[in-house]
Amino acid sequence: MEQSGILRDLIVLYGMAMAIAFLLRKAKQPTMIGYLITGVLAGPYALRLISDTQAVELLAQVGVALLLFTIGLELSLKKLARMQQLALAAGSVQLIAAVLATAGLLLWLGFAIREAFFWGFLVAISSTAVVLKVLHDRGELDTLHGRAVLGIQLFQDLCVVPMMALLPTLAAPEGGQALRVLAALGKSLLIVSAILLLARYLFPPLLRAIVLVRSRELFVIASIFFALGTAWGATQFGLSLALGAFLAGIVLSESEYGHQIMAEILPFRDGLTSLFFISVGMLIDLRFVVAHAGVLAAVVAAILLGKLLLGGASIAVLGFPLRMAALVSLALAQVGEFSFVLLSEGFRLGLISTERYQIFLAAAVLTMMVTPGFIAAGPRVAQWLGQKGERRRSRLAPDETTERLRDHVILCGYGLNGRRMARLLREYHLPYVIIEMNPRLVRQARAEGEPIYFGDASNPQILKAAGADHARAIVFAISDPSVLARAISHARLRNPDLHIIARIKRIEDARELRQAGATDVIAEELEAWMEIAVRVLRLYGMPREAVAELIGRLRAEDYDMVRILPIPGQPLRHLAHLLPEVDIELFIVLPGSPLVGTELRQLELRQRTGVNVLAVIRDPQVVHNPPGEFRIQEGDQLILIGSRRQLQAAYDILSAPPAGTVAERTDAARGE
């Protein structure tokens, strides 16, 4: 009877959760909210559909252990070290400021010191699951502010370890509190170190032995055993179940099996973690929430306003502009899923009363629900702050030395692509200047001798100071769609003849950039799949010319949907949008080339390949539209126009013409 009861409870909960989460996803809300609403409706304060809440809570504890285990798997310590400025500096400033500000406010309101700091822990954590999902859907995860948010949240997740270790100490009777905190931290540090060492040196050899058996089922069972076994072991030493699972995940994240463990655990985690959030929702008393709506509204407003200010300040103190501080703070304004774990543990230990538990739980859910709207409003808020706050010149802003530059390239962004582009320009002795918003990168690059300056590339004054009025090209090596369109528009207004190249992640963002005035838009997802297609087709022996023709046609089709017609009277720089398959190439006649002394008409390039010779550069003259009897000399530079396939055929003929007549040479090169 009991078995059928728990089975019925699970069917009811999963059925309701499926329906509610489906509706919320249609409304672009996190599924986590759906699970909480399911718990509210099915719980003892509403419809009372669940007969055995203890069994549900037991399964929920397993779910939260798996949740923290997988979060630990995703929390790479190496990744955290690479993001040290954003993760450690900004993360520590944000976390400490949020804890102290919350605790200070509540102490002023008359809360006990232990509960005040417990609330500080709860408020300081932001939602990794909700925020990263929204940023990923918006294509902003790889932007500068996206990486800053990721770094801060990784640091927050890591700090949950000492927070959870301190909860039993906060719940202990008063008297010698400071000594108990130090003793608890020391004890926790020893236990955590022992667990980490044991897991690091025991788990990998066992996993290697299990992998050699080549049994997927055994690997799945072993992964669950390591997660739950470490969690149980942590409880035997006075730590929480969730903390032990989190530590096991951190250890295994650095192993070669981390990704496969994640793939195998994920279905179990998603199924059981939903029960955790449902069980949390069961504790929400709707009548209590309605009766205390005024207090709830004040708590929500205080959390959002406080985290907005502190999150922005943690970025601003590192020297980043106000625009980026706004984007980061809006993304971190909510309360996170780890706060529910801390809240449940603190409620069990008596750190928070039932009434305040209800208030915080409801406030946390509301802050999560406004997160997608906050992040969507980020670009508009950032633009307004940029106009207000970026008018002052930074101490690293471009100076008068850039005014002497002419016909140069402006690189916006000094990430991986920006650094490689700068190296290429430097090797060919081409003039360039770099604009970067990360002050640490600016200082490092300046120390290496790079002509780099601090500033926001979407600011017209920064573009002017970088010499956009006299530049030949500007390359946006950043992928933030919320900034690119505005930056391109400002650059086009400053210099109508400027060649603007922009990089984006998704092809659907290209039209907006074209309309803003971009000359070339490079979509990473499109170019990546084309490169993959080339490798696959060549693997099956397709001729290079056929592959080039196919890829050119596919590229034209994909980019055709974002091609913008030129406005009457605009310069011909927009002609490239209408002729995506037409290229202009330069061919140099090297010393000893068999072409020396040959007349152009003998090559029959037009008849054989479709390529036209627009001009020939023969220092110090340029011969435009050369006649057929024009005789080629050593050092001539032939300017050729045609499709990619036609130019390749022409290059094959011009590069190594075999002996024999010109017709024979041409036919041989074309395989006819």
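Coordinate-derived values only; no laboratory data. Owing to the predicted nature of the structure, the values given are computational and were not obtained by experimental measurement. Quick reminder, even Gly has a Cβ in these numbers, built from the backbone with ideal geometry, and neighbours come from all protein chains shown.
Once the piece of chain linking Gln633 and Ala209 is laid out straight, how much longer is it, given 0.36 nm per residue of separation minus the C-alpha distance between them?
145.6 nm
Once fully extended, how much extra length lies between Asp520 and Arg287, figured as 0.36 nm per residue of separation less the alpha-carbon to alpha-carbon distance?
78.0 nm
Starting from the Cα of Ile11, step 7 Å along the direction of its Cβ; do the same at Asp142; then give the gap between the two resulting points in nm.
Taking the simple label geometry, Ile11 and Asp142 are separated by 4.7 nm.
Provide the net charge surrounding Ala46, with neighbours chosen by a C-beta distance below 12 Å and charges set as Lys +1, Arg +1, Asp -1, Glu -1.
Charge balance near Ala46 sits at +1.
Quick check on my link table: of Lys307/Lys464; Lys133/Lys505; Lys26/Lys307; Lys26/Lys133; Lys307/Lys505, which ones sit more than 25 Å apart, alpha carbon to alpha carbon?
Lys307/Lys464; Lys26/Lys307; Lys307/Lys505
Calculate the FRET efficiency for Leu537 and Leu430 from the Cβ-Cβ distance with a Förster distance of 30 Å, rounded to the nearest 0.05.
About 0.30, to the nearest 0.05.
Counting only residues 5 or more places away or on other chains, whose amide H sits under 5 Å from the amide H of Gln334 once H atoms are built in the peptide plane?
Ser127
Around Ile632, under 10 Å between beta carbons, what's the net of Lys plus Arg minus Asp minus Glu among the other residues?
Within the 10 Å Cβ shell, the charges total -1.
Quickly work out the Trp232-to-Trp384 label distance, labels modelled 7 Å from Cα along the C-beta direction, and quote it in nm with one decimal.
It is 5.5 nm.
Between Val295 and Ser193, what length comes free when the chain is fully extended (0.36 nm per residue of separation minus the Cα-Cα distance, one decimal in nm)?
32.5 nm
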